[in-house]
Amino acid sequence: MDESFINSDSYIPLYEQVRLQLMEQITSGTWDDGSPLPSETKLAERFGVSRITIRQAVAEIARKGFLYKKQGKGTFVRVPDVYQLVGGAHSFLKNAEGMGSIPRTELAASEWKAAELPVAEKLHIPAGEQTLFIRLLRYMDEELVGWQEIHTSPEIGSLVDLDELIKLQSLSLMLRVKGKWVVETRVEQGARLAGKKDVAFLHCPDQGPILYSTFEEYGPGGTIYCWSEAAFRADKFKWIFKVGGT
């Protein structure tokens, strides 16, 4: 197992440092699905922190669905899909398959551009720094149903293989090929009325129903990989969630 490094002088709380490192190991396959997590005592010794700190980190990981407890037996690893979220799972591929449709992704635009302030703040970089911008169009059974715009950090942008991205239809899966694992995905989802961009890209009715998502994807140590937004025609697409119990 890889060594663990905890920086007691960091502004990042100790439990958060532990959580991020454990999440990296879970998502990178250090433990198989269903494997027992080392005991609090062993983890505390390994990280050089208190059992209370370990307990706090483990509780947070369990809340996100990556660990579960068996009464009297301990804590076990659950390795969900890369898009597993609190309360369910969401991805274009899985939603399309859940609807019985064949998904396809088309590259509509790709360019390096200076990050404007809102994007720079999301990526934690100075405004004006060059980032890779990608626009994707999403199809189900060859019918256009959605668009997605991705703003990558400079480091991640230099690794993007556009052909592989379109083949896998997922930035997270493409990054795995490059040895970069998304440790955490933070998502906001909702519904709104179609705006000018939706009408232009999707040829949908003005003010028609739209489902939207914004994503922040993080690597080890809390490093942000990308920020993206997506929109789908609510008359052509729906979110399908799966909720797992123990």
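The values are calculated or read from the model by the stated rules, or taken from the named source; none is laboratory data. Note that the coordinates shown come from a computational prediction; the quantities given were computed from them, not determined experimentally. Don't worry about glycine lacking a Cβ; one is built from the backbone with ideal geometry, like all the others, and counts go over all protein chains shown.
Can you tell me which residues in region 18-38 are of a type in the set (S, T, N, Q) and free of Cβ contacts under 8 Å to residues at least 40 places away in the same chain? Let's see the steps before the verdict.
Quick first cut of region 18-38, residues of a type in the set (S, T, N, Q) only: 21, 25, 27-28, 30, 35.
Within region 18-38, Gln25, Thr30 meet the criteria.
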Residue hits (region 84-140; modelled with pLDDT under 95, under 16 Å from Lys236 (Cβ atoms) and among the acidic types (Asp, Glu)) are Glu97
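What about Gly190, is it in a loop (DSSP other than H, G, I, E, B) and either under 13 Å from the mean Cα position of the chain (by Cα) or of a type in the set (Gly, Ala, Ser) (or both)?
Details: in a loop (DSSP other than H, G, I, E, B): no; either under 13 Å from the mean Cα position of the chain (by Cα) or of a type in the set (Gly, Ala, Ser) (or both): yes.
Judged against the criteria, Gly190 is not a match.
Determine whether region 175-182 contains at least one residue that is small (Gly, Ala, Ser) and surrounded by 13 or more Cβ atoms within 10 Å (Cβ to Cβ). I'd like the intermediate steps shown before the answer.
Residues of region 175-182 small (Gly, Ala, Ser): 179.
With surrounded by 13 or more Cβ atoms within 10 Å (Cβ to Cβ) added as a condition, the list becomes none.
No, the conditions are met nowhere in region 175-182.
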If we keep only residues of region 197-223 that are without any contact (Cβ under 8 Å) to a residue 24 or more places away in the chain and closer than 15 Å to Gln148 by Cα, then the residue surrounded by the fewest Cβ atoms within 10 Å (Cβ to Cβ) is Ala200
Output for Cβ contacts, cut-off 6 Å, separation at least six or different chains, first residue assigned by TED's automatic domain parsing to the domain that holds Gly157 in region 125-143, second of a type in the set (Phe, Trp, Tyr), reads Gln130/Trp112; Leu132/Trp112; Leu137/Trp147; Arg138/Phe92
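Within region 125-135, track down each residue that is assigned to a loop (DSSP other than H, G, I, E, B) and either aromatic (Phe, Trp, Tyr) or within 11 Å of Trp227 (Cβ to Cβ) (or both).
In the first step, residues of region 125-135 are kept if they are assigned to a loop (DSSP other than H, G, I, E, B); the result is 125-129.
The one that is assigned to a loop (DSSP other than H, G, I, E, B) and either aromatic (Phe, Trp, Tyr) or within 11 Å of Trp227 (Cβ to Cβ) (or both): Ile125.
Taking the options Phe66, Phe47, name whichever one is within 16 Å of Glu184 (Cα to Cα), buried (at least 18 other Cβ atoms within 10 Å of the Cβ), of a type in the set (Phe, Trp, Tyr) and not assigned by TED's automatic domain parsing to the domain that holds Gly221.
On the way: Phe47 fails: within 16 Å of Glu184 (Cα to Cα).
Of Phe66, Phe47, the one residue that is within 16 Å of Glu184 (Cα to Cα), buried (at least 18 other Cβ atoms within 10 Å of the Cβ), of a type in the set (Phe, Trp, Tyr) and not assigned by TED's automatic domain parsing to the domain that holds Gly221 is Phe66.
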Only one of these conditions is not met by Ala57: (1) in contact (Cβ under 8 Å) with a residue 24 or more places away in the chain; (2) farther than 29 Å from Ile166 by Cβ; (3) touching a strand residue (DSSP E or B) at 6+ places or on another chain (Cβ under 7 Å). Which number is it? (3)
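Considering region 92-124 alone, what residues qualify as being assigned to a helix (DSSP H, G or I) and either of a type in the set (D, E, K, R) or not assigned by TED's automatic domain parsing to the domain that holds Asp163 (or both)? Talk me through it step by step, then tell me what you get.
Keep residues of region 92-124 that are assigned to a helix (DSSP H, G or I), which gives 92-98, 117-123.
Scanning region 92-124 gives Lys94, Glu97, Glu121, Lys122.
Among the residues that make up region 189-208, is at least one of them under 28 Å from Tyr68 (Cβ atoms) and not aromatic (Phe, Trp, Tyr)? Quick ask: steps written out before the conclusion?
Restricting attention to region 189-208, the residues satisfying the condition of being under 28 Å from Tyr68 (Cβ atoms) are 189.
Add one more test, that the residue is not aromatic (Phe, Trp, Tyr), and what stays is 189.
Yes, some residue in region 189-208 is under 28 Å from Tyr68 (Cβ atoms) and not aromatic (Phe, Trp, Tyr).
Quick one: which of Leu168, Leu202 is under 24 Å from Ile26 (Cβ atoms) and outside the structural domain of Ser28 (by TED's automatic domain parsing)?
On the way: Leu202 fails: under 24 Å from Ile26 (Cβ atoms).
From the options Leu168, Leu202, the qualifying one is Leu168.
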Residues that are farther than 14 Å from Ile6 by Cβ and either of a type in the set (A, V, I, L, M) or at pLDDT below 90 (or both), drawn from region 35-51: Leu37
Condition set of a type in the set (S, T, N, Q) and either part of a strand (DSSP E or B) or out of contact with any helix residue (DSSP H, G or I) (no Cβ under 8 Å at 6 or more places or on another chain) (or both), scope region 137-166, selection nearest to Tyr225 (Cα to Cα): answer is Thr152
